[in-house]
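Here's the structure we're looking at; comments come further down.
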Amino acid sequence: MKRNNIFLLISIVFFLLYIFIIYSTYSENKSYLLANTKNNQIKLVHAYKEKFDERLSGLKRIVETMGKNLIKKDRQKDFEIIKETLTNAMNSGIGFKSVYIAYPDNYTISGRPEWFYTKDYIATQRPWYLAAIKKGKTTISKPYFGSPGYEDKIYISIVSPVYNDKGELLAVMASDLELESVQKELSELFPLEKAFAFLMTNDAKVITKSNKLGIDFKNSELKEFLSFLTKEKIGDKVLNLDKKKYLFTYDSLENSDWLFVSVLEEKEIYKNLNNQLFMNLLASLVLFILGFGTIVFMSITQKKLYEKHLLLGHFAKSPTWGVLLTDKIGNIIFINQVFENIFNLKRKSLYGKSLDSIVHHIKCPKKQGEEISCFEDIKERFLEMKTYTLEKNGKTYRVQITPLLNKYQKELEGAIITVNDVTHEKELEKKEIEHEQLLIQNSKMAALGEMVSAISHQWRQPLSTLLMLISNTEDMIEKQNFEKANNYLDRSRNNIELMNETINAFRNFYKEDFGKAKFDLVTIINEIILISSPQMTMNGIELEFTYDKKESYLSTGYPSYIKQVLINLIGNAKDELSNILKEEPLFEASIKINLSKEDQTFFISVEDNGKGISKENKEKIFQPFFTTKAEQGTGTGLYLCKLLIENKMNGKFTLSNYSNPTRFMIEIGEF
């Protein structure tokens, strides 16, 4: 244990030293990476700026050349030539949305085929014309909305004023670029995933942007920062904005007073470095955890081995359990004093002897027709654990024989036999069984009371009818009308048979079931209905039984238990529906019994259209002594139903629907 602690301490020291080295190199690398990124970003911006400058310079040259050539043409005589030249420039694919030439008297010729000059068009007041006059040379205008008919678009214009030798203005040549196309061109020109570029005028107005980082250009702090950039013209600055750092790199365009600006989020600069730091820390943490885990595992394993050894010692010395241990060939290697006392064995007399020598003491079960030693049985079925009870000296013991296998579960390494006194447990089990039997008998007697009450109602009408028929028979005999007398006798006989059928159903229910028997579920249910129907009719309750007559419903079990459960369920439903009928006499009360079969399982459902069972009670109704009938209920009915079906019939008894309708389901097997 001390060696493990020293090794753990050394591991922690090395781990902390490694973390210190990683962070030291990380800080140095971070400073170097920032300086290097700034330098690269300046070079990148300069390169992209030159590309954009080259693009603008090419467009300017085209505009200047067209202006010098077209001014030589007579605008009246050569109108068609001028317009065709302007139209060809528009369609040349270099990006011009419109190309036109305007004269000081506002007369304008446009390359758009559908556009012709009208006097209400004042070219000399258009933003592009004013920008050309102000600069006095080829320049780029600020963004502006298009002329009437094109107001939905924003344009910038490359304009070139044309002068004569005396410096007099002859015309202004202009070509329009749609701002959206310039923005797209800028995005394609600067395609970095986590950065973007934009153009800005010398008064800090953003011309166009492909804002991949979602920066708010309306932010006052950002506007002030951009104004500062216009004064320096070239360089790089870092701005803290909304808790994020951004690196702005900028350079001025040669062909205009605009700035080309790129933006890069600072965390992207350190992304790879941070990932490397994370991987280094993760690797060191994994190695530390593995080392620490190995030490902890070794420590825990040693502790568990010690605890198991200690536990085995306590178990072997248990004052209540007898313990015997054998090796792989069946020789006894350990036996405790409790085991020796239970079987009256001489102290330590069996060490080294075969388990076979005490088979007669523990009465190990043998195979039928074979005299076989206990250990041979263990070797043949080494994957099985045997448990059985043994009566000795007026006490009951539980004997458990457990094969001991190696870790691959393929070879027998020995066996352990434990013996413990379960006399008290057996007595409790016996009392519990007696208690269950008493509850079942009490429930049966209550059901008998229900049946006796039902039979009294069943017999009342047939007895009255029988007396009347006998009296009529006597009259017919006196009148020598023997044909009618025979008719009255036949009707009397039918009434007696009905009463006999009722008594037989009662007798079948009353007699004890001492063993399983084969019975027809349809017959069982019909007997219950025969007895219960008069009482239901008297209470205004419809009792219905449905089943598939083509199916066979023969089952094996205890028929009286099924009858007892059905009488209980029908009785509960009758009580509930009777209470409703007292309050609502016109209520159509009904109890439905359905019998079905699926594979080798029978399903008996009993449902009623009463008020149902509340959600809070549906989990409690199967608990013993729980009742919703106050002093009128015992709380054992549904508990016993579940006990009889599940414990005695190996079936299932559930509440499948607690309301609308209330339905109980009985599931029992065919065998």
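The values are calculated or read from the model by the stated rules, or taken from the named source; none is laboratory data. Keep in mind that what you see is a predicted model, and the values were worked out from it rather than measured. A quick note on method: Cβ atoms are made from the backbone with ideal geometry, for glycine too, and the neighbour counts reach across all protein chains shown. Heavy atoms of the whole protein, side chains included, go into the accessibility calculation; ligands, DNA and RNA do not. Shrake-Rupley method; radii C 1.70, N 1.55, O 1.52, S 1.80 Å.
Could you please find all residues in the stretch 546-604 being aliphatic (A, V, I, L, M), in contact (Cβ under 8 Å) with a residue 40 or more places away in the chain and touching a Phe, Trp or Tyr at 6+ places or on another chain (Cβ under 7 Å)?
If the condition is that a residue be aliphatic (A, V, I, L, M), in contact (Cβ under 8 Å) with a residue 40 or more places away in the chain and touching a Phe, Trp or Tyr at 6+ places or on another chain (Cβ under 7 Å), then Leu569, Leu581, Ile593, Leu595 are the ones that fit.
Looking at Ile529, is it aliphatic (A, V, I, L, M), assigned to a helix (DSSP H, G or I), open to solvent by 20 Å² or more (accessible area, probe 1.4 Å) and at pLDDT below 75? Against the criterion (aliphatic (A, V, I, L, M), assigned to a helix (DSSP H, G or I), open to solvent by 20 Å² or more (accessible area, probe 1.4 Å) and at pLDDT below 75), Ile529 does not qualify. Filtering the stretch 346-391 to residues that are at pLDDT 75 or above and buried (at least 17 other Cβ atoms within 10 Å of the Cβ) leaves Leu350, Leu355, Lys386, Leu390.
Against the condition modelled with pLDDT of 90 or more, of a type in the set (Asp, Glu) and over 33 Å from the mean Cα position of the chain (by Cα), how does Glu588 come out, does it pass?
Values: modelled with pLDDT of 90 or more: yes; of a type in the set (Asp, Glu): yes; over 33 Å from the mean Cα position of the chain (by Cα): yes.
It is true that Glu588 is modelled with pLDDT of 90 or more, of a type in the set (Asp, Glu) and over 33 Å from the mean Cα position of the chain (by Cα).
Conditions (1) at pLDDT below 85; (2) part of a loop (DSSP other than H, G, I, E, B); (3) open to solvent by less than 40 Å² (accessible area, probe 1.4 Å); (4) among the acidic types (Asp, Glu), marked per residue:
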position: Trp115; (1), (2), (3), (4): yes, yes, no, no
position: Ser147; (1), (2), (3), (4): yes, yes, yes, no
position: Asp165; (1), (2), (3), (4): yes, yes, no, yes
position: Met173; (1), (2), (3), (4): no, no, yes, no
position: Ser181; (1), (2), (3), (4): yes, no, no, no
position: Leu186; (1), (2), (3), (4): yes, no, yes, no
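For the stretch 123-136, the set of residues classified as surrounded by fewer than 17 Cβ atoms within 10 Å (Cβ to Cβ) and touching a helix residue (DSSP H, G or I) at 6+ places or on another chain (Cβ under 9 Å) consists of Thr124, Leu130, Ile133, listed by residue number. Give the stretch 612-644 a look and list any residue that's closer than 23 Å to Leu577 by Cβ, part of a helix (DSSP H, G or I) and modelled with pLDDT of 75 or more, or say none. Correct list: Leu638, Tyr639, Leu640, Cys641, Lys642. When each of Ala197, Ala204 is tested for being among the hydrophobic types (A, V, I, L, M, F, W, C), under 22 Å from Leu59 (Cβ atoms) and modelled with pLDDT under 80, the lone residue that passes is Ala197.
Can you spot a residue in the stretch 68-85 that is of a type in the set (Val, Ile, Thr), under 20 Å from Glu180 (Cα atoms) and surrounded by 17 or more Cβ atoms within 10 Å (Cβ to Cβ)? Give the derivation first.
Of the residues in the stretch 68-85, the ones of a type in the set (Val, Ile, Thr) are 71, 81-82, 85.
Remaining after also requiring under 20 Å from Glu180 (Cα atoms): none.
Checked the stretch 68-85: no residue is of a type in the set (Val, Ile, Thr), under 20 Å from Glu180 (Cα atoms) and surrounded by 17 or more Cβ atoms within 10 Å (Cβ to Cβ).
When both residues are 6+ apart or on different chains and their Cβ atoms are under 7 Å apart, which pairs have a first residue that lies in the stretch 123-135 and is in contact (Cβ under 8 Å) with a residue 24 or more places away in the chain, and a second that is of a type in the set (Phe, Trp, Tyr) and assigned to a helix (DSSP H, G or I)? These pairs meet every condition: Ala123/Tyr129.
Take the conditions (1) among the aliphatic types (A, V, I, L, M); (2) open to solvent by 90 Å² or more (accessible area, probe 1.4 Å); (3) modelled with pLDDT of 80 or more; Ala89 misses just one of them, which is (2).
For the stretch 534-557, the condition of being at pLDDT below 80 and open to solvent by less than 40 Å² (accessible area, probe 1.4 Å) holds for at least one residue.
Checking each residue of the stretch 270-279 against the condition of being modelled with pLDDT under 70, surrounded by 13 or more Cβ atoms within 10 Å (Cβ to Cβ) and among the aliphatic types (A, V, I, L, M) gives at least one match. Checking each residue of the stretch 59-71 against the condition of being at pLDDT 80 or above and part of a loop (DSSP other than H, G, I, E, B) gives at least one match. Scanning the stretch 409-423 for residues that are open to solvent by 10 Å² or more (accessible area, probe 1.4 Å) and either of a type in the set (Gly, Ala, Ser) or part of a strand (DSSP E or B) (or both) returns Leu412, Glu413, Ile416, Thr418, Asn420, Asp421.
On the given criteria, is Lys218 within 18 Å of Asp257 (Cα to Cα), out of contact with any Asp or Glu (no Cβ under 8 Å at 6 or more places or on another chain), at pLDDT 80 or above and surrounded by fewer than 19 Cβ atoms within 10 Å (Cβ to Cβ)? Write out each step before concluding.
On the way: within 18 Å of Asp257 (Cα to Cα): no; out of contact with any Asp or Glu (no Cβ under 8 Å at 6 or more places or on another chain): yes; at pLDDT 80 or above: yes; surrounded by fewer than 19 Cβ atoms within 10 Å (Cβ to Cβ): yes.
Answer is no for this residue.
Scanning the stretch 329-345 for residues that are open to solvent by 10 Å² or more (accessible area, probe 1.4 Å) and in contact with a Leu (Cβ under 6 Å, 6 or more places away or on another chain) turns up Ile333, Phe334.
When the stretch 149-163 is examined, which residues are found to be in a strand (DSSP E or B), under 56 Å from the mean Cα position of the chain (by Cα) and free of Cβ contacts under 8 Å to residues at least 40 places away in the same chain?
Looking only at the stretch 149-163, we keep the residues that are in a strand (DSSP E or B), and these are 154-163.
Subset that is under 56 Å from the mean Cα position of the chain (by Cα): 154-155.
Listed by number, the list holds a single entry, Ile154.
Residues that are surrounded by 15 or more Cβ atoms within 10 Å (Cβ to Cβ), without any contact (Cβ under 8 Å) to a residue 40 or more places away in the chain, outside any loop (DSSP other than H, G, I, E, B) and touching a helix residue (DSSP H, G or I) at 6+ places or on another chain (Cβ under 7 Å) do occur in the stretch 95-109.
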